[in-house]
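For reference, the structure is listed below as structure tokens.
The values are calculated or read from the model by the stated rules, or taken from the named source; none is laboratory data. All values derive from a computational prediction rather than experimental measurement. Cβ placement follows ideal geometry from the backbone for every residue including glycine, while neighbour counts extend to all protein chains displayed.
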Amino acid sequence: MPIIAPSFLASDFLHLAGQCELINNSVAEWVHLDVMDGRFVPNISFGVPVIKPVCKATPGKYHDVHLMIEEPEKYVEDFKSAGANSITVHYEACRHLHRNIEQIKKLGIHAGVALNPHTPVELLQDVLPYLDLVLVMSVNPGFGGQQFIEHSIEKIKRLRRMIDEKAYTALIEVDGGITLDNAAAVVNAGADVLVAGSSIFGADDIVATIGQFKAV
Ligand SMILES: O=C(CO)[C@@H](O)[C@H](O)COP(=O)(O)O
Ligand SMILES: [Fe+2]
């Protein structure tokens, strides 16, 4: 069964406490928190002042912070202090990716690398042994509510093979345009973690929808 990571980017910010309560009452194991800086991606989302209270209000969950920002090394400590259990940086935003991964792991939390749709999974070959998580973006990062890019399925399969061949432990997380209609195909291709924003927070019954994602 996949791990489900509701993305708070699509949540109702006016009622964050209630949204956290719904997630607490659901079978979602993770909470996905998207940080956007208006430089790496053409949008600005939220930072520590939102992430810290959300982490506090969801104490039983694993807090998965997805940094869509330039120079992530300047901020990883702040996000760790805010409650992050894992921090994922973008391959395309890091000039010294191995150093970024080491920095995160030295903080005692999990390290992930995210790949834009145009970035081949093969470029991760030399850092894969150090990673806890690879985040395959199945939309171009920056916005929720976009359509799933079908080519991602092929990419997930290639990454699954790379990980299994060497018995690495990195989880495969897929993020962007995940719906109840395509979730099974994504899991069958090899995904361990499904991120879903609009299809969870936009649903009439958030808790039941998370249950349906879990059961795909
Ligand atoms: O990182 C991102 C977008 O850049 C995602 O985490 C979105 O928040 C996913 O939203 P949906 O596509 O599921 O609506
Ligand atoms: Fe994300």
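Miscellaneous remarks
- In segment 98-119 there is no residue matching the filter, namely being within 16 Å of ligand 1 (Cβ to nearest atom) and assigned to a helix (DSSP H, G or I).
- From the list 141, 120, the lone residue that is more than 14 Å from ligand 2 (Cβ to nearest atom) and modelled with pLDDT of 95 or more is 120.
- Qualifying residues in segment 21-50 (those that are of a type outside the set (Gly, Ala, Ser) and surrounded by 22 or more Cβ atoms within 10 Å (Cβ to Cβ)) - the one nearest to residue 200 (Cα to Cα): 23
- Of the residues 90, 110, the single one that is of a type outside the set (A, V, I, L, M, F, W, C), within 16 Å of ligand 2 (Cβ to nearest atom), crowded, with 18+ Cβ neighbours inside 10 Å and free of Cβ contacts under 8 Å to residues at least 40 places away in the same chain is 110.
- Test: residue in segment 118-138 that is within 29 Å of residue 38 (Cα to Cα), touching a residue at least 60 places away in the same chain (Cβ under 8 Å) and under 15 Å from the mean Cα position of the chain (by Cα): yes
- Candidates 172, 153: the one that is within 16 Å of ligand 2 (Cβ to nearest atom) and modelled with pLDDT of 95 or more is 172.
- Within segment 139-175, the residues that satisfy the criterion of being assigned to a strand (DSSP E or B) and either farther than 17 Å from residue 2 by Cβ or free of Cβ contacts under 8 Å to residues at least 40 places away in the same chain (or both) are 172, 174.
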